[in-house]
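All remarks here apply to the structure that follows.
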Amino acid sequence: MRHALGEGHAPMRLYDIHAHLADPRVLPRIDGILAEAARHGVAGILANAARVGEWDAVCALSGREPVYGALGLHPFFVEEWNENLPDRLRGLARRHPRIRAIGEVGLDFYPGREKREAQIEVLAAQLQVARELALPVIVHNRRSWDDFFGVLHDLGMVPLRGVCHCFNGSPELLRRVLDRGLMVSFCGPLTYPNARRLRQAARYAPLDAILTETDCPDLPAAPIRPGPSLPQHVRYVLETLAEVKEIPIDEVAERVGSNSRELLGECP
Ligand SMILES: [Zn+2]
């Protein structure tokens, strides 16, 4: 029997919209990682920054195919924030044409809400930079959805162009996220056999609002545990999406591809 992806078909193009390529666990091996990704048909990677110290590396990486960059400060590191950073963020984003998003930014109240006020302030400041630059936002949110939606409302930023990365919620939360204009991206945990609620959400998620990611080097898909997860492993996420949505994997890959190019600001 002929393989579904055999002759006459272009190989699937893969997109990883959330990878920590500037992470010290990844950066020293970047040449090999990008070569492997290319060999597996990875057509786009959005390198996300978690800390200010990664911004320069993300800018440099965004000059290498097929990498784009997102600059931002993760809620776990809000103590790194200062009043000069919005200017620095604007300057870097304007100087580097392949910086295509602000991220990752958001609220994370795990394990507690001690830094709630600081997180909200830093998120709001970064969302305003995204608005000025007309860039989409890569959102990291945990145990903080009401506050997050409150910030968007207060800033008048609904709808918001961007994506909730590593979406891990219920179908009800999915509805609230989609109602704000956001897309959702799925990663390794979707492939875990016990992820029933998450698979249900993925089943309901419309094809024009889904993306794939690895959160490289974390959150490895089931077949590659304990990791590290690498950009080409989005393929396992696509396989699970195809399975739960009961549609051919090529079709899911094509839709995720056009959503990704839209997010990254490339022509379809
Ligand atoms: Zn991340």
Fill in the blank from the handout: If the chain between residue 208 and residue 121 were fully extended at 0.36 nm per residue, the gain over the current Cα-Cα distance would be 28.2 nm
Exercise for the section: Kindly express, to the nearest 10 degrees and within the range 0 to 90, the angle between helix 85-95's C-alpha long axis and the longest C-alpha principal axis of the chain. Expected result: 50 degrees
Practice task
Could you grab the Rg to Rh ratio for segment 83-216? Cα atoms only, Kirkwood for Rh.
Solution key: 0.97
Practice task
At q = 0.14 Å⁻¹, work out log10 I(q)/I(0) for segment 14-264 with the Debye formula, treating every Cα as an identical point scatterer and leaving solvent out; two decimals please.
Solution key: -0.88
Practice task
On a 0 to 90° scale, report how tilted helix 234-245 is relative to the longest principal axis of the chain, with both axes built from alpha carbons and the result rounded to the nearest 10.
Solution key: 80 degrees
Practice task
Extending each Cα 7 Å along its Cβ direction at residue 218 and residue 154, get the distance between those two points in nm, one decimal.
Solution key: 2.5 nm
Practice task
Would you mind working out the accessible area per residue for segment 14-264, using a 1.4 Å probe, and quoting it in Å²?
Solution key: 42 Å²
Exercise for the section: Determine the share of the chain's accessible area contributed by carbon and sulfur atoms, expressed in whole percent, with a 1.4 angstrom probe. Expected result: 51 percent
Exercise for the section: Please go through segment 90-168 and write out the trypsin sites (Lys or Arg not before Pro) that DSSP classes as loop and that have at most 14 other C-beta atoms within 10 Å. Expected result: 113, 143
Handout entry: Residue-averaged 222 nm ellipticity for the chain, from DSSP H runs of 4+ at -39500 (n - 2.57), nearest 500
Key = -12000 deg cm²/dmol
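Relative contact order for segment 73-184 using alpha-carbon pairs under 8 Å, separation at least 6, rounded to a whole percent?
RCO, segment 73-184: 24 percent.
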Fill in the blank from the handout: Once residue 133 and residue 39 are pulled to full extension, the length gained, defined as 0.36 nm per residue separation minus their Cα-Cα distance, is 30.5 nm
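Over segment 14-264, what relative contact order in percent results from Cα pairs under 8 Å that are six or more residues apart?
Reported relative contact order: 19 percent.
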Exercise for the section: Mind giving me the FRET efficiency for residue 88 and residue 246? R0 is 41 Å, r the Cβ-Cβ distance, nearest 0.05 is fine. Expected result: 0.30
Fill in the blank from the handout: The helix 30-39 Cα axis meets the longest alpha-carbon principal axis of the chain at an angle in degrees, between 0 and 90 and rounded to 10, of 40 degrees
Practice task
Mind jotting down the distance between the C-alpha centroids of segment 39-84 and segment 218-242, whole Å?
Solution key: 21 Å
Fill in the blank from the handout: Within the chain, excluding any GluC sites (Glu not before Pro) found in a DSSP loop (not H, G, I, E or B) and having at most 14 other Cβ atoms within 10 Å, the longest uninterrupted segment runs 115-245
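The values are calculated or read from the model by the stated rules, or taken from the named source; none is laboratory data. All of these numbers come straight from a predicted model, not from anything done at the bench. As a convention, Cβ positions derive from the backbone with ideal geometry for all residues, glycine included, and neighbour counts pool all protein chains shown. For accessibility, only protein heavy atoms count, side chains too; no ligands or nucleic acids. Shrake-Rupley method; radii C 1.70, N 1.55, O 1.52, S 1.80 Å.
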